[in-house]
1. From the residues in the range 47-64 that are surrounded by fewer than 13 Cβ atoms within 10 Å (Cβ to Cβ) and not hydroxyl-bearing (Ser, Thr, Tyr), which one is nearest to Thr158 (Cα to Cα)?
2. For the range 425-438, what are the residues that are of a type outside the set (A, V, I, L, M, F, W, C), more than 11 Å from Ala383 (Cα to Cα) and surrounded by 14 or more Cβ atoms within 10 Å (Cβ to Cβ)?
Amino acid sequence: MNQNKLFNRTRWQLAISYAAVMGLILSLLGFGVYKAIAHAHWVAIDRELESVAGTLHDSLEIKLQQPGRLEPIVNELLPNLRVIGINGIKKPWPERHILSAINQSYYYIRLFDNSGNLMATAGAYPEELPPTFNSQHWQTITDSQGNSYHQISVSLHTKNHENWGYFQVGRSLQDFNNYLSTVKLVLNLGLPTALILVGFSSWWLAGLAMKPIYSSYRQIQQFTADAAHELRTPLAASQATVESALLMSELDEKEAREILRTVERQNRRLTQLVADLLLLARMDSQAIADRPQLCCLNDLVSDLVEELAALAIASEVALTSSIRVQQQLNVVGYADRLYRLVANLIVNAIQYTPAGGKVTVILDCSHQEAIVQVQDTGIGIAAADLERIFDRFYRVNSDRSRNTGGSGLGLAIAQTIARAHRGSLSARSELGQGATFLLRLPL
């Protein structure tokens with residue numbers, strides 16, 4: 001197939017198309033996976049901040065006594081608490097190391113009074129954050145160095161339900177961004193690797209897809225060449241006969257009759273060949289107008305053995321039948337085509353069996369199948385030829401000498417008829433040990 005430019009180009013086109021479609025699908029899938037991961041982590045951060053803010057908010061409100069005033073006990077809840085002095089300088093609260101929900105390296109807390117002035121910070125507070133207050137519930141802000149933070153703002157009340165100020169809990173998004181960068185890196189490296197694998201797979205799959213097409217193409221080429229050869233021989237013989245007759249100055253009645261017999265014989269061969277090809281074409285396209293009927297294989301086998309007995313006697317071959325069933329074996333099909341099928345098998349067996357040999361036709365049944373076997377003691381078939389004996393125009397050893405007659409379509413027609421009746425036709429043989437053809441048809 002690689003030597004044929006048309007199929008090679010088609011294979012490349014198929015492979016590129018497969019790879020392009022799979023690449024688009026993988027790209028969309030990777031983008032979707034990235035968005036899903038980012039969304040899931042963003043939701044997790046929001047829930048985490050809400051949980052921390054809710055816990056601290058409830059804990060703080062029961063300890064606040066007056067608006068704008070931080071009680072000393074607040075330090076027990078907020079680690080690293082720093083109070084903003086009047087001049088804006090942060091003054092550390094007396095240090096008490098107490099674990100809390102925000103005792104992590106990426107959490108911070110900011111406390112504002114009712115006027116929006118920053119009063120205190122706690123946790124891992126980044127110094128670069130602007131001290132201005134934003135009352136939006138959710139905020140994503142960036143400091144002067146480009147670092148991102150996500151925070152939530154809630155209002156604070158005193159123990160007596162007076163407005164105390166505002167409370168913000170935030171966290172750095174550095175770990176979140178690092179994780180997303182890792183996911184991007186994995187996807188960016190994984191996509192080209194996947195595309196390379198898809199490319200090789202597409203080339204291989206395109207080859208598999210092209211194999212049956214290429215095989216059919218080669219069969220058509222071989223069929224065309226063989227059909228041309230088969231048609232050329234009788235046509236050339238007829239043409240030579242006519243030309244030789246035209247070269248004669250005069251013809252007597254005997255010579256004219258001989259010439260006409262020769263032309264008639266070649267025309268009969270052409271007619272039979274065309275009829276066989278037409279039958280194969282009709283069966284391949286399932287263009288059969290007749291309705292199938294119930295056919296009795298017992299009668300068919302008996303009739304064929306009786307009708308072909310003369311041919312067997314002329315070839316000095318013993319032709320017998322063996323009906324191994326008591327009941328009638330009926331199949332649904334076309335009687336004339338089944339007749340042609342079994343007849344082809346018996347005629348082939350007689351032709352390839354030397355004088356003194358034996359041909360046996362056996363009728364049996366098994367598992368709702370009718371079985372017709374044609375056994376002979378002839379020359380046999382080599383193992384290399386068994387795979388091709390059902391090909392059209394194929395002859396063992398390319399025998400075209402016409403010693404056995406026919407055009408090499410008999411077994412091809414038999415195989416096509418068997419398949420049209422939902423059956424199977426197979427052969428087993430060894431060179432010099434005879435052959436057995438096995439026909440199975442559903443009852």
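Where a number appears in this text, it was derived from the coordinates with a stated rule and is not lab data. Since this is a predicted model, take the numbers as computed values, not measurements. Because the Cβ atoms are built from the backbone with ideal geometry, glycine has one as well, and the counts that use them run over all protein chains shown.
1. Ile62
2. Correct list: Gly434, Thr436.
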